[in-house]
Structure formats: structure tokens, C-alpha cells
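> First, the structure itself, so that you have it in front of you.
Taken together, the values in this text are just the output of simple stated rules run on the coordinates, not laboratory data. Predicted, not measured: the structure shown is a model, and the values here were computed from it.
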Amino acid sequence: MLELMLWPLLGCLVLTGILVYLGIHIVEREVIFVDLALAQIAALGTLIAFLFGLDLHSTAAYGVSFLFAIVGATIFTLTRLKEKRVTQEAFIGIVYAFAAAGSILVLHYAPSEAEHIKHMLVGNILFVKVSEIIMVAVIAVLVGLFHYIYRGRFLLISTDVKAAQRANIPIKWWDFLFYASFGLMITSSVAVAGVLLVFSYLIVPAVCAMLLLTSIKSRLLLGWGVGVAASMIGLYLSVALDFPTGAAIVCTLSLIVPVVGLLNWMVGRRQMASPISPEVGAE
């Protein structure tokens, strides 16, 4: 069992390392479903590349997929309005619907490959190849290094856009760089783990950490801990009980949320019930 779980666990750890960080940005920006939209756009690019005779797993097909993700990044950059007359989630939903419908239309011309393409989108982390882990790890390191170098700007734009404006940071440009790097990571991650698992790694650990903690460092540490624990438990259940791997990890992650919510409620109740300390020197 240990040999069977080794490479999938390593793949899960790589995904956890970068996606938890990106997930904190996504939750702060309140664009929860942007990864689904970008993943669907990238998938549409892959399908179109396939129609033009490119192999689904070729470098050229991946390049086309990433170009489509860049188009999505541009759209999401331009739809972040200064005046929130329309929430950005509405635009994200429109883009997702278009990309999903476009993928269905493209699949109409490739019915014999439908199952193969479905497997590519759903992913199967249990049977991930070493070469795939290496590719995702390299991209994760590059994206992580890029965000670390410019972490001040990325964090400020995600958490306090008005402060970023006062600091004369070109928000549109840095928004585009954020979504472009995010799209690069999503494109490679989905091919390995599938849309649902990538979405869960992005959102669930970030939500758990943000419910309990306030600083970025503490949120990252807790988020990583949640991701690692859920990965280990989910993989074990998958192998021991013959469950679908991605679904087992997603369910494990999801079940952690009410536990953290209960803990957050208990901490809040304890703080409200604790007596106020008298001021020093008061009579």
C-alpha cells in the first residue's frame, strides 16, 4: 500500500503547497469560481487543439491550452470594475458557461474520444506518473517564486485594493499577472488531479485557515496542514476501501470545514464569556 500511495501523495503535497497559497488570494478577492472558469477555458483550448490534429498530451496542445487560459486571464482582469455595479462573479459565470458550451460543441465532432477527454478533465491522482509530478512541481516552484518576489503587491491588491490604488500600483497589470500565473498553475494541475480536486485544494484549506486565523503566515501553515492531513486520509481510504481517489480526498476536505466551523464558534463563545479584566490602578 505504501508504494502505491507514495507518488500520489507526493503529487497531492505539490498541489497543496501552491494551491493553498493561491486559494487565500482567491477567497480574499471573492472570485471563488474563477478556477473552474479558467480550467474550462483551458480545456476548450485543448479540445480545439485536438480537432486540429494535435495529440491531447503533446506540448503543442498544452501550449494552446495555456494561450486560452491567458485569454481568460485578460477577461478577468478587465472585468474587475472599480465600481461594483456588477459583481465579478457574474462575468466569471458567463465565461464558464460559454467555455463549457463550447467544449460540448467541440466534443460533438470527436465522440470517439469523449471518454479519454473526460478522464483527462476528471483526473486520477492515484495513477499519476512521475513525469507529471515533476512537470507540476517545476511549474509550482516557478509560480511560487514569482509570487514570493512580488508578494507585497499581490497581497495588497487581493486584500486592500484601495490601499494599492493609493500606492500607485498599476492594478490592471498586476491583476493580469496574477491570473496568468494562476491559469498556468490551474492548467497543469487539472490535467493531473481533475477540476473538482483542484477546486477543493484551492478553497477548503483557505476557508478553514481564514475562519480561525488572521495573519498570512499562520493561515498558510494551517492551510497546508489541512491539505496534507486530508490528502493522507483520503488516499488511505481510497486504497483501503477502493474509493475513487479524487472523490475521497474532496469529501475528506469538505468534512473538515464543519469541524473548523464548530471550533471557530466555540472559540468565539469562550471569548464572549470570558470576564473583562479590570484596568490596572482602578479602584
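> For the chain, modelled as a Gaussian network with Cα springs under 10 Å, which listed residue fluctuates most, PRO244, PRO205, PRO170?
Judging by the Gaussian network model, the answer is PRO170.
> By how many nm would the segment from PHE146 to VAL257 lengthen if fully extended, with 0.36 nm per residue of separation less the alpha-carbon distance?
Separation in residues times 0.36 nm, less the Cα-Cα distance, equals 37.0 nm.
> For a test of understanding, tell me how many lysine pairs in the chain have Cα atoms under 23 Å apart, given they are 8 or more places apart or on different chains.
7
> If you split all Cα-Cα distances of segment 138-201 into 10 Å bins from zero, what percentages do you get per bin, shortest first?
That works out to 20, 44, 28, 7, 0, in percent per bin.
> Now for a different question. Going out from 0 in 5 Å bins, what whole percent of all Cα-Cα distances in the chain drops into each bin?
1, 6, 11, 15, 17, 16, 13, 9, 5, 3, 2, 1, 1, 0, 0, 0, 0, 0
> Using a Gaussian network model of the chain with C-alpha springs under 10 Å, which one of LEU197, LEU241, LEU213 is most mobile by mean-square fluctuation?
LEU241
> So which residue, out of VAL239, VAL161, VAL259, gets the largest mean-square fluctuation from a GNM of the chain using Cα contacts under 10 Å as springs?
With Cα springs under 10 Å in the chain, the top fluctuation among VAL239, VAL161, VAL259 is at VAL259.
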